[in-house]
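In what follows, a structure is listed as structure tokens, so that the remarks can point back to it.
The values are calculated or read from the model by the stated rules, or taken from the named source; none is laboratory data. None of these values were measured; they are calculated from a predicted model. When we count neighbours, we look across all protein chains shown, and the Cβ atoms used for this are built from the backbone with ideal geometry, even at glycine. Heads up: the accessible areas ignore ligands, DNA and RNA and are worked out on the full protein's heavy atoms, side chains in. Shrake-Rupley method; radii C 1.70, N 1.55, O 1.52, S 1.80 Å.
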Amino acid sequence: MNIHNETILILDFGSQTTQLIARRIREQKVYCEIHPFSLAIEKIREMAPAGIVLSGGPFSVYDSDAPHSNPKILDLDIPILGICYGAQLLILQCGGQVEKAENREFGKAELQVLRTDGLFAGLETGEVHHHQVWMSHGDRVEVVPEGFETTAISAHSPHAALRHDKKPLVAVQFHPEVVHTLIGTDVLRNFIFGICDCSPDWTMHSFIETTVKAIKQLVGDQKVICALSGGVDSSVTAAIVHRAIGDQLTCIYVNNGLMRTGESEAILRFFRQTSKLNVIDVNASDFFLSELKGILEPEIKRKKIGLGFIKIFEDEAKKLGEVAFLAQGTLYPDVIESVSFRGEAPIKSHHNVGGLPEVMKLELIEPLRELFKDEVRKLGLELGLPEEAIYRQPFPGPGLGIRIMGEITRDRLEIVRQADVIVLDEMKKHGWYRKVWQSFAVLLPIQTVGVMGDGRTYEYVIAIRCVDSRDAMTADWSRVPYDILGIISTRIINEVRGVNRVVYDISSKPPSTIEWE
Ligand code: XMP
């Protein structure tokens, strides 16, 4: 279902920065989608994109297993921009030659623009004007194909940018999508507005209008359910589906007893009172705690919590009678069939509502499946959700269950809850809550010796974990000032019964992960 007027198609050749290209284009209020380089030509025709971007990639065009897109796309009369590997492939397929460069270029380079129209419209030209760009290539274009001319050069790329005289084909050796390419935004704007003739009309406002219309049409007068977790994605999903179909939507909130203090109350109150959304609030703490009794192994904990959730949710949904759809907050990074040339083994079985649609034979509605996280936040604000719900740090589906090492008991839950409140409270107070990706407490149920007053203590350890990340795939420990860590530590040891030691986790991901289990 393509509900957008103008789309830029990005064909992915496996570059680390492919998603970045998409974000930069969307920042210009033009919709775009990422597909594998092998997308069938019929599909491309059907999609009728306003332009195509060929991404970079880790290969040399002459490698025996190098990915090649169908050269017929060059005859579709759709503007094409090749970036790095994409540029080399475009030139090769048009009859030019690419070779291993003697001097590979990695990092910053100086670009001299030869023509200030097309991709470089509005930019300074000539020898005195050098533009900082970011390069990352071993190969380079050596022979320019017929019909093409060179539009920019750099010290080690005699053809750092090229264009066709008559066809809308352009190629750049550098990466316009990365911030170190200072003219990157100009180049992308020139491509999407100048060459592809797009209009900047893909805004959150227009997104809401088209999405609401599409949901209404799909759902008709049937019923929809949605699992509300208190997190950003499910809240925004519920809000937009509710905007479309009102009372036909019922949300189910399963309290598994592993939530933080006050975690979900605020968002539930908002939905009930301000938007008059139907929310069924199920307290299943006892069920989950008895399921988890005696379980120490992280994967078994995760499985039990996931299966328990499906059971409770299904029981509640049955009470609603005939339901046709399940609304789910899947985001674009989970949908993109990015070309990955490395096999990836699952590290942890993430808990989400993935198993539900099959079990319950429901059709899915995923209104956020085209959006990146920052776009979801913008959408949430536009829909009127409170800021505190929108800028909430991610919280894992299995909740505090995977932040208590070893067995989950009520006492241990109480300890980690109290410590967690203190961490978040102090991070917020000192303006660090929104600076980091996540900040939380982990309970290590090993006891260590301490001294309080005149007496010996023998109590648990709390680990503080604060990380910086863009997308949770990689992360580094946050350099939270010692003074703030000091305050957090003192408060936890003074205020939380059963803890006499606090440590700070200084591991990055990889090789560690963000959560401890
Ligand atoms: P890890 O621990 O794998 O976590 O580095 C990466 C990010 O995912 C969150 N996380 C989860 N989120 N269900 C979720 O919805 C899960 O089962 C789950 N496990 C981890 C984690 O908090 C971090 O942001």
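Here are some notes:
- Cα-based helix-to-principal-axis angle, 482-495 vs the chain, degrees rounded to 10: 20
- Segment Leu218..Lys29, full-extension length gain: 65.5 nm, with 0.36 nm per residue of separation and the alpha-carbon distance subtracted.
- Beta bridge orientation in region 403-504: antiparallel %, DSSP, nearest 5: 70
- Sorted largest first, the spans of the alpha carbon positions of region 143-196 along the three principal axes are 32, 29, 10 Å.
- For the chain, a simple Cβ point-charge model (Lys and Arg +1, Asp and Glu -1, everything else neutral) yields a dipole of about 1360 debye relative to the Cα centre.
- In sequence order, calculated HN-Hα J values of region 453-465 (Karplus, 6.51, -1.76, 1.60; Hz; x Gly/Pro): x, 9, x, 7, 10, 9, 9, 6, 10, 10, 9, 9, 10
- Degrees between helix 204-219 axis and first principal axis of the chain (Cα, 0 to 90, nearest 10): 70
- Antiparallel %, DSSP beta bridges [both residues in the chain], to 5: 50
- In region 397-517, a dipole from Cβ-located charges (positive for Lys and Arg, negative for Asp and Glu) runs towards its positive end, and of Tyr482, His430, Pro511 it is His430 whose Cα lies farthest in that direction.
- Percent of Cα pairs exceeding the 17 Å cut-off, where the set is region 105-164: 37
- FRET E, pair Asp247, Lys361, Förster distance 30 Å, beta-carbon r, rounded to 0.05: 0.85
- The chain: equivalent-ellipsoid semi-axes (sqrt of 5 x gyration tensor eigenvalues, Cα, Å): 47, 30, 20
- Put simply, region 2-101 fits an ellipsoid with semi-axes of 23, 15, 11 Å; these come from the alpha carbon gyration tensor as the roots of five times its eigenvalues, largest first.
- Rg/Rg_ref, region 403-504, where Rg_ref = 2.2 N^0.38 Å and atoms are Cα: 1.09
- Pairwise Cα inverse-distance average, inverted: Kirkwood Rh of region 7-195 (Å): 16.1
- Per-pair calculated FRET efficiency, R0 = 30 Å: Lys43 and Asn283 via Cβ, rounded to 0.05: 0.05
- Solvent-accessible surface (1.4 Å probe) assigned to His159 amounts to roughly 40 Å².
- Taking the longest Cα principal axis of the chain as reference, the axis of helix 232-245 is set at about 80 degrees.
- Neighbours of Leu188, meaning other residues whose beta-carbon lies under 10 angstrom from its beta-carbon, give a summed charge of -1 when Lys and Arg score +1 and Asp and Glu score -1.
- A Förster distance of 41 Å, applied to the separation of the beta-carbon atoms of Ala121 and Glu387, puts the FRET efficiency at 0.60.
- Rounded to the nearest 500, the 222 nm mean residue ellipticity of the chain from helices alone is -8500 deg cm²/dmol, with -39,500 (n - 2.57) taken per DSSP H run of at least 4 residues.
- For region 204-390, the normalised intensity computed at q = 0.08, 0.10, 0.13, 0.19 Å⁻¹ comes to -0.27, -0.42, -0.71, -1.42 (log10 of I(q)/I(0), Debye sum over alpha carbons, equal scatterers, no solvent).
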